[in-house]
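Notes follow once the structure below has been shown.
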Amino acid sequence: MTAAAITTVLIDDHTIFRSGLRELLAEHGLVVEGDAPTVAAGVQLVERCAPDVAIVDLDLPDGSGIDAIRRIAECAPGTAVLVLTVSEADDDLTDAVLAGGCGYLLKDAPIETIVAGVTAVAAGDAVLSPRVAATMLARMRASGRQTAARARAQLSPREQEVLRLVAGGMDNAAIAQELFISPHTVKNHISSILTKLHVANRIQAAVRAVRDEIL
């Protein structure tokens, strides 16, 4: 799916940020069908417009963005949710992903990264801020606890390598280059990982890897 064919809505309570982001997304070829400052208004907007992607902040005046993600997943399952937030907290990432979010980026990301994230989630992929991924991995290394042996035993050594790079925020092309394998092989490994870990996408796999200390 090309950027020009992607429809979006914005749910963020900061008027200036929302207006500026709307202009930047439009300049990069995305169609912004509307914006809203609250959970309630945002969910109504998604129901009305049925966009490809809803860009959602986590801090909203009438509730959490997590609530918005859950409600969007229920009322508009065809709309992918990309979280755009200032929060680098592990718990926020975990809650957003488990609620149905397909991507998690920070607000200080370059507009090109945000546009790429929108394009990715619209195509059914998942995206994760490398900085947030690094924080998760640092917490995992600092914990010093034993890994989840059962889950780890299900994964081949190569799948564990791929999962570690996914948790580090790498996309398929970067993983292929790092491991000297083809992108198609990476895709097959990720599909196997998702099946073995009983998760729906690569972000959920990364969150599971950290939460259950699989790596």
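For residue 94, are the conditions met, namely being polar (S, T, N, Q), under 18 Å from residue 46 (Cβ atoms) and surrounded by 17 or more Cβ atoms within 10 Å (Cβ to Cβ)?
Details: polar (S, T, N, Q): yes; under 18 Å from residue 46 (Cβ atoms): no; surrounded by 17 or more Cβ atoms within 10 Å (Cβ to Cβ): yes.
In short, no.
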Open item on the list: Can you tell me how many residues within the stretch 12-39 are crowded, with 17+ Cβ neighbours inside 10 Å, of a type in the set (A, V, I, L, M) and out of contact with any Ser or Thr (no Cβ under 8 Å at 6 or more places or on another chain)?
Closed with: 2
Task: Meets criteria (closer than 14 Å to residue 125 by Cα and either free of Cβ contacts under 8 Å to residues at least 40 places away in the same chain or of a type in the set (Lys, Arg) (or both)) for residue 179 - done: no
Task: Conditions (1) closer than 24 Å to residue 207 by Cα; (2) among the β-branched types (Val, Ile, Thr); (3) outside any strand (DSSP E or B); number of the one not met by residue 46 - done: (1)
Open item on the list: List the residue pairs whose Cβ atoms are under 9 Å apart, where the first residue sits in the stretch 58-74 and is without any contact (Cβ under 8 Å) to a residue 60 or more places away in the chain and at positive phi, the second is assigned to a loop (DSSP other than H, G, I, E, B) and not aromatic (Phe, Trp, Tyr), and the two are 6 or more positions apart or on different chains.
Closed with: 63/38
Task: Candidates 34, 20 - the one that is under 24 Å from residue 128 (Cβ atoms) and assigned by TED's automatic domain parsing to the domain that holds residue 65 - done: 20
TODO: Report yes if residue 74 is surrounded by fewer than 20 Cβ atoms within 10 Å (Cβ to Cβ) and in contact with a Cys (Cβ under 6 Å, 6 or more places away or on another chain), otherwise no.
DONE: no
Task: Hits in the stretch 45-62 (condition: closer than 18 Å to residue 13 by Cα and touching a Ser or Thr at 6+ places or on another chain (Cβ under 8 Å)) - done: 46, 53, 54, 55, 57, 58, 59, 60, 61, 62
Task: Unmet requirement for residue 29, which otherwise passes all of (1) over 24 Å from residue 110 (Cα atoms); (2) in a loop (DSSP other than H, G, I, E, B); (3) among the small types (Gly, Ala, Ser) - done: (1)
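The values are calculated or read from the model by the stated rules, or taken from the named source; none is laboratory data. Given the structure is predicted, the values throughout are model-derived calculations rather than measurements. In this analysis, Cβ positions are derived from the backbone assuming ideal geometry, glycine residues included, and neighbour counts consider all displayed protein chains.
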